[in-house]
Ligand SMILES: Nc1ncnc2c1ncn2[C@@H]1O[C@H](COP(=O)(O)OP(=O)(O)O)[C@@H](O)[C@H]1O
Ligand code: SF4
Ligand SMILES: [Mg+2]
């Protein structure tokens, strides 16, 4: 199957007063059409930076030092990809409040989105005909109903501050799906919400994306959330992707020592890596080679000196490690 999104060898740094923060180091991973991919890792490992690089909205002090991002056969780092962003690729941010304007009603803001990003809008069309407006109004009603928001007419007249956090996030999910995108990027979309509402909204996002054939790239620091809603998982450590695998395989047969340590630290989630001596390295002075080597029980001179390449030891299972766990294919059990 042809990949929908593929990120290859992506290296991103931030220029700061203290030097360059080398935040993404040769990151590679790919997504297939229709899949829900979890991008998992501790706070600071580079999830948001990766999401922003794909969306083309890196901060001004960021520089892409190497790599490529391709989406549906288009080079996203090339010129003139604005039409893709916001329509073929949409975004659900962590804080839905910050992405609404306080000055306009919810209805005005969804209307403005559809004026420019409606699936009916032809490229270059600056007008807004009554026919298109009417079709879009019907789409908006259907999308808000699909995210299970009641009393839609009243909701459309409200201002963002009059909505609860859960309602705002449901509106964001509707807005992300309205342009009929191929990919929705959701950056820790529910961390501001209480756990029950989080779970409801994530399941809804998964269900609606699947019904509409959209892929979702979903960042989270919580492995349990990834387990519940994702088809595949990519785990990052300190700006390098460690492992990408189908979710069942990932939890049953982790190959990267970091992933194995993460899983061992469950169910004390949030206290991940408690059992591993050492700290996450600073992006200003990352260790050479594999960035996990100062903490890895299996590290060798090779790990300390050489770039760790991404390999695919089993179909769809990628690992970036010189000495990964081996799992025999026949019985699914450990190699030793
Ligand atoms: N604009 C910026 N300038 C300098 N450093 C940044 C900037 N944005 C993020 N960083 C740093 O990049 C690293 C990764 O951040 P981020 O991508 O937000 O991680 P995550 O989303 O996984 O928590 C962190 O060390 C963070 O401090
Ligand atoms: S490359 Fe080496 S240091 Fe890094 S995780 Fe693998 S064994 Fe450990
Ligand atoms: Mg983040």
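If each residue of separation counts as 0.36 nm, what is the full-extension length gain between residue 138 and residue 203 once their alpha-carbon separation is subtracted?
21.0 nm
Once you have a ≥ b ≥ c as the square roots of the Cα gyration tensor eigenvalues for segment 158-276, tell me rounded if a/c is under 1.5, and otherwise prolate or oblate according to whether a/b is larger than b/c.
Verdict is prolate for segment 158-276.
Classify segment 151-220 as rounded, prolate or oblate from the Cα gyration tensor: take a ≥ b ≥ c as the square roots of its eigenvalues, call it rounded if a/c is under 1.5, otherwise prolate when a/b beats b/c and oblate if not.
Oblate shape, in that a/c is at least 1.5 and b/c is the bigger or equal ratio.
Give me Rg/Rg_expected for segment 5-232, where Rg uses Cα atoms only and Rg_expected = 2.2 N^0.38 Å with N residues.
Its radius of gyration relative to the 2.2 N^0.38 Å reference: 1.03.
Expressed in nm to one decimal, what extension gain is obtained for the pair residue 16 and residue 312 from 0.36 nm per residue of sequence separation less their Cα-Cα distance?
Taking 0.36 nm per residue and subtracting the Cα distance, the gain is 103.0 nm.
Highest GNM mean-square fluctuation, the chain, Cα pairs closer than 10 Å: which of 44, 127, 34?
127
Once you have a ≥ b ≥ c as the square roots of the Cα gyration tensor eigenvalues for segment 98-155, tell me rounded if a/c is under 1.5, and otherwise prolate or oblate according to whether a/b is larger than b/c.
oblate
State the extension gain, in nm to one decimal, for the chain segment bounded by residue 130 and residue 104, taking 0.36 nm per residue of separation less the distance between their alpha-carbons.
7.2 nm
Under a 10 Å cutoff between Cα atoms, tell me which one of 166, 107, 316 has the largest fluctuation in the Gaussian network model of the chain.
So, out of 166, 107, 316, the one fluctuating most is 316.
Assuming R0 = 45 Å, what is the FRET efficiency of residue 153 and residue 74, from their Cβ-Cβ distance, to the nearest 0.05?
For residue 153 and residue 74, the calculated efficiency is 0.70.
Which residue, 126, 225, 244, tops the fluctuation ranking in a GNM of the chain built on C-alpha contacts under 10 Å?
126
Roughly what % of DSSP beta bridges within the chain run antiparallel, to the nearest 5?
Just about 60 percent of them are antiparallel.
Can you grab the distance from the C-alpha centre of segment 315-329 to the C-alpha centre of segment 103-155, Å, no decimals?
Between the Cα centre of segment 315-329 and that of segment 103-155, the gap is 46 Å.
Calculate how many DSSP beta bridges within segment 1-123 are antiparallel, expressed in % of all such bridges and rounded to the nearest 5.
Rounded to the nearest five, the antiparallel share is 95 percent.
Using helices alone, I'd like the mean residue ellipticity at 222 nm for the chain: each DSSP H run of four-plus residues gives -39500 (n - 2.57), total over residue count, nearest 500.
Mean residue ellipticity, 222 nm, calculated: -9000 deg cm²/dmol.
Computed from the coordinates by the stated procedures, all read-outs in this text should not be read as laboratory data. These numbers were taken from a predicted model, which means no experiment stands behind them. Reconstructed Cβ throughout: ideal geometry from the backbone, glycine too, with neighbour counts over all protein chains shown.
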